[in-house]
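As structure tokens, the structure follows; a few thoughts come after it.
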């Protein structure tokens, strides 16, 4: 036990540096979202058949480190309350209809962000019998965030890029 405590004391805190977003930039992002929407940006996440790697990075956006809520961005449970659909994974055949219905239930003007290599180009599953390929094969996509999985910072940039195209 003492060896473990000594190792922890020698190693210290090991973590990545906090995001280099200044408080003025956070205020500007929040003001831009409020100016465009008049309220917080509501996101509905849809897993169309992913391996959950992208979901782990999306969950990281909600922790205090990235503080998505502080930017005026929140996740909602219903597509009827959403402004943006955040879709991960290649579209599995059995998820294609659900994805189309979710897209139809989202009020206009709606935005779609494809997250991860599988969502953007189908990944290694694109040619399989149980897969319809990339998200754009099923619904229109506004922004693609590549990476396997993309880091939270890239996800945030993709979401903000999609919102800025709405202007």
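Cβ crowding within 10 Å, taken as a proxy for footprinting-reagent exposure, orders 39, 134, 153 from fewest neighbours to most as 39, 153, 134. Here residue 60 and residue 1 are evaluated by their C-beta separation; at R0 = 22 Å the FRET efficiency comes out at 0.10.
Which whole-number percentage describes the relative contact order of region 1-143, with Cα contacts under 8 Å and a sequence gap of 6 or more?
Across region 1-143, relative contact order equals 22 percent.
Each of 124, 29 has some number of other Cβ atoms within 10 Å of its Cβ, and from fewest to most they run 124, 29. The simple spin-label model puts a point 7 Å past each Cα toward its Cβ; for residue 32 and residue 9 those points are separated by 4.8 nm.
If each DSSP helix of 4+ residues adds -39,500 (n - 2.57) and the sum is divided by the residues in the chain, what number results at 222 nm, nearest 500 deg cm²/dmol? Intermediate results must be reported in sequence, preceding the final value.
Numbers: 6 runs with 63 residues, N = 167.
Estimated from H runs of four or more residues: -11500 deg cm²/dmol.
Seen against the Cα atoms of the chain and their longest principal axis, helix 2-11 is set at about 70 degrees.
Here the spin labels are modelled as points 7 Å beyond Cα on the Cα-Cβ line, and at residue 154 and residue 98 they lie 2.5 nm apart. Site pair residue 108 and residue 137 shows an inter-label distance of 2.8 nm when each label is modelled 7 Å from Cα along Cα→Cβ. The long axis of helix 152-165 is offset from the longest Cα principal axis of the chain by roughly 40 degrees. Measuring max minus min along each principal axis, the C-alpha atoms of region 53-165 give extents of 42, 29, 24 Å (largest first).
Find the centroid of the Cα atoms in region 129-167 and in region 77-124, then give the distance between the two in whole Å. Between the Cα centres of region 129-167 and region 77-124 lies a distance of 9 Å. Rounded to the nearest 10 degrees, the angle from helix 96-105 to the longest Cα principal axis of the chain is 90 degrees.
Give me 1, 95 ranked fewest to most by other Cβ atoms within 10 Å of their Cβ, as a rough exposure proxy.
By the 10 Å Cβ count, ascending: 1, 95.
The numbers here are math on the coordinates, done by the rules we state, and not lab data. Since the model is a prediction, treat every value here as computed from it, not as a measurement. Please note: Cβ atoms are built from the backbone with ideal geometry, for glycine as well, and neighbour counts cover all protein chains shown.
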